[in-house]
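K.L.:
Below is a structure I'd like to ask you about.
What follows draws every value from the coordinates through simple rules; no lab data is involved. Predicted, not measured: the structure shown is a model, and the values here were computed from it. Backbone-built Cβ (ideal geometry, glycine too); neighbour counts: all protein chains shown.
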Amino acid sequence: MMIEMTYATYIVISIAMTIWVARTLSKNGQVFLVDSFDGNENLAESVNHLLVVGFYLLNIGYILLALKTYKQIDTLRVSIEFLSEQVGLVLLVLGALHIINVIVIAKWRHRAVSNKSLREAVELINE
C-alpha cells in the first residue's frame with residue numbers, strides 16, 4: 001500500500017508543479033512573444049498556446065515514464081527519498097524546457113528585430 005500512496009503523491013505533486021510552471025510561463029511570456037512577433041498579438045497568443053501544449057505533453061509524458069521504480073518502498077523514509085529524487089528530476093526537466101523555450105523565443109525576437117531594422121533601412125533608402 002505504501003508504494004501506491006507514494007506513486008499517487010508523486011503524480012499529484014509533479015503535475016501540480018507542471019501546471020503552475022506552465023501558467024506562470026504562459027502569462028509572463030505573452031508580452032515577450034508579442035514583442036518578438038512585432039506586435040502581432042494573435043500570432044503571439046497562438047504560439048504561446050502551442051508552447052504550453054508542448055510543455056504539458058513533454059512534462060506529463062516524462063512524469064509518467066519516470067513513475068516506475070524497482071525499489072522496495074515499505075517505509076516512510078524510503079518513500080520520501082523516492083519522492084525527492086523523482087520530483088527533483090521533474091524540476092530539472094521543467095527548468096531545462098524553460099531554458100530551451102527562452103532560447104528559441106529569444107532567437108525569434110532577434111530575427112524579428114533584425115527584419116524590422118532591415119525593413120526600416122529599405123524604407124529610408126526608398127524615400
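K.L.:
Helix 76-126 versus the longest principal axis of the chain: what is the Cα-based angle in degrees, 0 to 90, to the nearest 10?
P.N.:
Between helix and principal axis, roughly 0 degrees.
K.L.:
Where in region 2-19 does the amide nitrogen come within less than 19 Å of the point 7 Å from the Cα of Ile99, taken along Cα to Cβ?
P.N.:
Once the point is set 7 Å along Cα→Cβ of Ile99, 18 turn out to lie under 19 Å by backbone N, inside region 2-19.
K.L.:
Another question about this same structure. Whole-Hz ³J(HN,Hα) for each residue in region 8-16, computed from phi via Karplus 6.51 cos²θ - 1.76 cosθ + 1.60 with θ = phi - 60°, x for glycine and proline: what do you get?
P.N.:
Each residue's phi maps through the Karplus curve to give 4, 4, 4, 5, 4, 4, 5, 5, 4 Hz.
K.L.:
Specify the residue with the greatest mean-square fluctuation among Leu25, Leu43, Leu33, computed from a Gaussian network of the chain linking alpha-carbon atoms under 10 Å apart.
P.N.:
Largest GNM mean-square fluctuation: Leu43.
K.L.:
Which one, [x] 78, 20, 18; [y] 36, 36, 23; [z] 62, 33, 19, gives Cα extents along the principal axes in Å as derived from the coordinates shown?
P.N.:
Of the listed options [x] 78, 20, 18; [y] 36, 36, 23; [z] 62, 33, 19, [x] comes from this structure.
K.L.:
Relative to the present Cα-Cα distance, how much length would full extension add between Met1 and Ala16 at 0.36 nm per residue of separation?
P.N.:
3.1 nm
K.L.:
Hey, another quick one. In region 53-117, which trypsin sites (Lys or Arg not before Pro) fall in coil by DSSP and have 11 or fewer other Cβ atoms within 10 Å?
P.N.:
Lys68
K.L.:
Sticking with this one: Per the helix-only calculation at 222 nm, which mean residue ellipticity applies to the chain, given -39500 (n - 2.57) for every DSSP H run of n ≥ 4 and division by its residues, nearest 500 deg cm²/dmol?
P.N.:
Only helices count here, giving -32000 deg cm²/dmol.
K.L.:
Shifting gears a bit: Note the full-extension length gain between Thr69 and Thr9 as 0.36 nm times their separation in residues minus their Cα-Cα distance, in nm to one decimal.
P.N.:
20.2 nm is the gain from fully extending Thr69 to Thr9.
K.L.:
Still on this structure, I have one more. Going 7 Å from the Cα of Val53 toward and past its Cβ, which residues in region 3-46 have a backbone nitrogen under 18 Å from where you end up?
P.N.:
In region 3-46, the label zone of Val53 (backbone N under 18 Å from the point 7 Å along Cα→Cβ) covers 19, 22-23, 26-27, 30, 42-46.
K.L.:
List the chymotrypsin sites (Phe, Trp or Tyr not before Pro) in region 47-89 that DSSP assigns to loop (not H, G, I, E or B) and whose Cβ has at most 10 other Cβ atoms within 10 Å. Which are they?
P.N.:
Tyr70
K.L.:
Angle, helix 41-65 long axis vs. longest principal axis of the chain, Cα atoms, 0 to 90°, nearest 10?
P.N.:
20
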